[in-house]
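Peer 1: The structure is given below, and queries will be raised subsequently.
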Amino acid sequence: MKTPKSMDIAITNRCNLRCQYCYHFESAEDAGTDLSLEEWFRFFDELRRCAVMRLTLAGGEPFIREDLREFIDGIVKNRMRFSLLSNGTLISDEIAAYLASTKRCDYVQVSIDGSVPITHDACRGQGSFVRAVNGIRALRRHGVPVAIRVTIHRKNVRDLEGVAKLLLEDLALPNFSTNSASHLGLCRKNAQQVQLTAEERTLAMEALLKLTSRYNGRISAAAGPLAEARGWLEMEAARQQGLQSMPGRGFLSGCGVAKDSLAVRPDGVITPCTMLSHIELGRINENSLQSVWQDHSRLKALRNRHLIPLSRFGFCEGCEYLNYCAGSCPGVAYTLTGKDEHPAPDSCLRNFLRDGGSLPERGLLQNQARQGATC
Amino acid sequence: MPDRDNPVANPLIVLREEFDDWAILFDPDTGNAFGLNPTAVYVWKLLNGQNSKDDIVKKLRDAADGVPEDVPKHIGDFIQSLVNLGLVGYETERTQNLVCR
C-alpha cells in the first residue's frame, strides 16, 4: 500500500470529562495544545494528495472544538469521509443536523457504560448518562449512524443485561460493541477501582456470551471479555485436542497495526496507533506522510511483529497455550512491560487461570452470529 | 475545451493507486469503493473530456500488446458501468442554450 487508507486523528487534547479509565489522559497521547485549523487544513491537503479515504476524529472530546464545523468542512472539501469517537455529552441537535448535512459521516461512536445513571456515571461523572443518551437521540433524529461502545469495568460488570436491554430494545439500536478498561492512560492510576478481577472477568464473559446469543449476534468485540471468551475457549479446545498449533498463532500476530492506517496526536506527532502514541514517527506538515508510511524503520518493525515467536519470551516459557496464542495488543504490552515487542500480560490466558479465573461453558459459543469490531 | 460527447470522470472521485498498478476508486459521497485493474486505471486517466471512446481504444492499442479485437465493446461497457455508478458523466449543455427565449 503506497499510503494509509485511513487515519485516526486526535483533534484536541481537551475533554469535558475525566473518565477513570481513559486511555488518552496521562499517556503519551496527552500532548501539547490543540493545533490550529490552518495546520490541520495543510495536512488535509496532503491527505487528499495521498488519497486517504477516511478519518476518525477523536481526542480528548472532539465535540469540544469550537471550530468543529470548519474542521469537518475541510475534510469534506478534501474528498474524505469521517467518523467521530465521543462521550456524547456535547452533541446538540444543531451539530447533529450539521453532521447529517455533510453526507460524509460514517458514524459517531458514543460511549455508554450503564443502563442507568448510577453505573454509567460511576466512572464518567455525574450527569453524563442523561446527556449521552440525549446526544444519541439527537444523532438518530437526523439520521446520523450511531455506534455504541460499552467499556466494562468493576462498577458496571453486573449491569450488562440492563445495558443490552437499554441499547438494543429501549433505544432500538442495531448493535453495540464492547471492550474493557485496559491498563492504559488514566486507568493505570485507577486500576484497583476499575479493572476487572479474574472473577469479574469470568462473570462478564459468561454474561456477554449469553446476551450475544439472546440478541442474535448484535453484540461484538475485538477486545475485552467477549473477545477473550471466544478466543480463550478456542485455545482451550485446541489444547484439549492436542493440536500442534492454530493458524497464525504462536507469534506476536494479535495486532494489525500499520497495515492500513496511522494516527496523529493532538500535537501533530504521527504515531502508528493511538495505543502506541509513545512511538513518534514524524510530525504533520514537516515530514512527508508517504515517506513515513513507506520508509520508517519502526513501522517496518511493527509490520513484521507477527514473525516474532512467542517462544522467544521468558514470560511464555512452559505455557501450554503458546502455540494457540497471538500475544494481543502491543500498546497494553508497552504500558505493562515497557516493551511493545512483547506479549500483553493482561491478555494472558495462563495468568487469568492462575489468578482464579475460569472459562465459561463451551456450549455458550453455540448459536452465536459473530460480528467484528475495531479495537 | 472538453467535448460534450466525451466521458468525464467525476472530479469528486478519489483514485487510490497501489504498488501493483491496481487501484481503488472511492466515492466519498456514498462511501462505495471499486477495484480497478491496471487497464481500467489506464482508461480512467483518459476520462478527462478530451478523449472519445474511440480515442481511448486507439491509445490503448498503441500502449499495449495483444489488445483483443473486441476491446471497443469492453471499453464501452466499462465506461457505461462507471456512468451508471455516477463516477463518470458527460459535459452538460452550455448555459446560453438553456436561457429562456
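The values are calculated or read from the model by the stated rules, or taken from the named source; none is laboratory data. For clarity, every value in this text was computed on a predicted model and none was experimentally measured. Backbone-built Cβ (ideal geometry, glycine too); neighbour counts: all protein chains shown. The accessibility values were calculated without ligands, DNA or RNA, using every heavy atom of the protein model including side chains. Shrake-Rupley method; radii C 1.70, N 1.55, O 1.52, S 1.80 Å.
Peer 1: Given (1) assigned to a helix (DSSP H, G or I); (2) surrounded by fewer than 18 Cβ atoms within 10 Å (Cβ to Cβ), identify the lone condition not met by residue A:216.
Peer 2: Going through (1) assigned to a helix (DSSP H, G or I); (2) surrounded by fewer than 18 Cβ atoms within 10 Å (Cβ to Cβ) one by one, residue A:216 breaks only (1).
Peer 1: Looking at A:311, A:291, A:277, which one is in contact with a Lys or Arg (Cβ under 6 Å, 6 or more places away or on another chain) and either more than 26 Å from residue A:237 (Cβ to Cβ) or open to solvent by 50 Å² or more (accessible area, probe 1.4 Å) (or both)?
Peer 2: After ruling out the rest, the residue left standing is A:277.
Peer 1: Hey, can you tell me all the residues within the range A:148-202 that are at pLDDT 95 or above and among the hydroxyl-bearing types (Ser, Thr, Tyr)?
Peer 2: If the condition is that a residue be at pLDDT 95 or above and among the hydroxyl-bearing types (Ser, Thr, Tyr), then A:151, A:177, A:178, A:180, A:197, A:202 are the ones that fit.
Peer 1: For residue B:8, indicate whether it is aliphatic (A, V, I, L, M), assigned to a helix (DSSP H, G or I) and either over 28 Å from residue A:293 (Cβ atoms) or within 13 Å of chain A (Cβ to nearest Cβ) (or both).
Peer 2: Against the criterion (aliphatic (A, V, I, L, M), assigned to a helix (DSSP H, G or I) and either over 28 Å from residue A:293 (Cβ atoms) or within 13 Å of chain A (Cβ to nearest Cβ) (or both)), residue B:8 does not qualify.
Peer 1: Mind listing whichever residues of the range A:237-266 are open to solvent by less than 30 Å² (accessible area, probe 1.4 Å), out of contact with any Asp or Glu (no Cβ under 8 Å at 6 or more places or on another chain) and over 25 Å from residue A:304 (Cα atoms)?
Peer 2: A:237, A:238
Peer 1: Can you find, within the range A:41-63, the residue that is nearest to the other protein chains (Cβ to nearest Cβ) among those that are open to solvent by 10 Å² or more (accessible area, probe 1.4 Å), under 24 Å from residue A:97 (Cα atoms) and in a loop (DSSP other than H, G, I, E, B)?
Peer 2: Taking the candidates together, the pick is A:53.
Peer 1: Continuing with the same structure: Where the second residue is among the aromatic types (Phe, Trp, Tyr) and the first is more than 14 Å from every other protein chain (Cβ to nearest Cβ) and lies in the range A:103-122, which pairs have Cβ atoms under 7 Å and are six or more apart or on separate chains?
Peer 2: Within 7 Å, the pairs are A:114/A:129; A:117/A:129; A:120/A:129; A:121/A:129.
Peer 1: Additional query: Which condition does residue A:211 not pass, out of (1) touching a strand residue (DSSP E or B) at 6+ places or on another chain (Cβ under 8 Å); (2) under 29 Å from residue A:274 (Cα atoms), if it passes all the others?
Peer 2: For residue A:211, the failing item is (2).
Peer 1: Restricting the search to the range A:1-40, which residues are within 14 Å of another protein chain (Cβ to nearest Cβ), touching a Leu at 6+ places or on another chain (Cβ under 9 Å) and part of a loop (DSSP other than H, G, I, E, B)?
Peer 2: A:3, A:4
Peer 1: Restricting attention to the range B:11-50, which residues are within 10 Å of chain A (Cβ to nearest Cβ), without any contact (Cβ under 8 Å) to a residue 40 or more places away in the chain and of a type in the set (A, V, I, L, M, F, W, C)?
Peer 2: Answer for the range B:11-50, where residues must be within 10 Å of chain A (Cβ to nearest Cβ), without any contact (Cβ under 8 Å) to a residue 40 or more places away in the chain and of a type in the set (A, V, I, L, M, F, W, C): B:12, B:14, B:15, B:19, B:23, B:24, B:26, B:33.
Peer 1: Among residues belonging to the range A:233-269 that are among the hydroxyl-bearing types (Ser, Thr, Tyr) and under 23 Å from the mean Cα position of the chain (by Cα), point out the one that is nearest to residue A:294 (Cα to Cα).
Peer 2: A:261
Peer 1: Does residue B:65 satisfy being part of a helix (DSSP H, G or I), open to solvent by 40 Å² or more (accessible area, probe 1.4 Å) and either farther than 27 Å from residue A:48 by Cβ or touching a Ser or Thr at 6+ places or on another chain (Cβ under 9 Å) (or both)?
Peer 2: Working: part of a helix (DSSP H, G or I): no; open to solvent by 40 Å² or more (accessible area, probe 1.4 Å): yes; either farther than 27 Å from residue A:48 by Cβ or touching a Ser or Thr at 6+ places or on another chain (Cβ under 9 Å) (or both): yes.
Considered against the rule, which asks whether it is part of a helix (DSSP H, G or I), open to solvent by 40 Å² or more (accessible area, probe 1.4 Å) and either farther than 27 Å from residue A:48 by Cβ or touching a Ser or Thr at 6+ places or on another chain (Cβ under 9 Å) (or both), residue B:65 comes out as no.
Peer 1: Looking at (1) more than 27 Å from residue A:276 (Cα to Cα); (2) open to solvent by 60 Å² or more (accessible area, probe 1.4 Å); (3) assigned to a helix (DSSP H, G or I), which is the only condition residue A:162 fails?
Peer 2: In the conditions (1) more than 27 Å from residue A:276 (Cα to Cα); (2) open to solvent by 60 Å² or more (accessible area, probe 1.4 Å); (3) assigned to a helix (DSSP H, G or I), residue A:162 misses (2) alone.
Peer 1: Moving to a separate point now. Which of the residues spanning the range A:267-285 are assigned to a helix (DSSP H, G or I) and of a type in the set (Ser, Thr, Tyr)?
Peer 2: First, the residues of the range A:267-285 that are assigned to a helix (DSSP H, G or I): A:274-276.
If the condition is that a residue be assigned to a helix (DSSP H, G or I) and of a type in the set (Ser, Thr, Tyr), then A:274 is the only one that fits.
Peer 1: May I pose another question? Name every residue in the range A:185-211 that is open to solvent by less than 30 Å² (accessible area, probe 1.4 Å) and out of contact with any helix residue (DSSP H, G or I) (no Cβ under 7 Å at 6 or more places or on another chain), in order of residue number.
Peer 2: A:185, A:186, A:191, A:200, A:202
Peer 1: Something else now. Condition first: more than 11 Å from chain B (Cβ to nearest Cβ), over 18 Å from residue A:136 (Cα atoms) and open to solvent by 10 Å² or more (accessible area, probe 1.4 Å). Now tell me which residues in the range A:64-98 satisfy that.
Peer 2: A:65, A:66, A:67, A:69, A:70, A:73
Peer 1: What is the residue count in the range A:73-98 for residues that are in contact with a Lys or Arg (Cβ under 9 Å, 6 or more places away or on another chain) and closer than 29 Å to residue A:20 by Cα? Lay out the reasoning, then the answer.
Peer 2: If we filter the range A:73-98 for residues that are in contact with a Lys or Arg (Cβ under 9 Å, 6 or more places away or on another chain), which is where we start, we get A:75-83, A:85, A:87-91, A:93, A:95-98.
If we keep only those that are closer than 29 Å to residue A:20 by Cα too, we end up with A:82-83, A:85, A:87-91, A:93, A:95-96.
The qualifying residues number 11.
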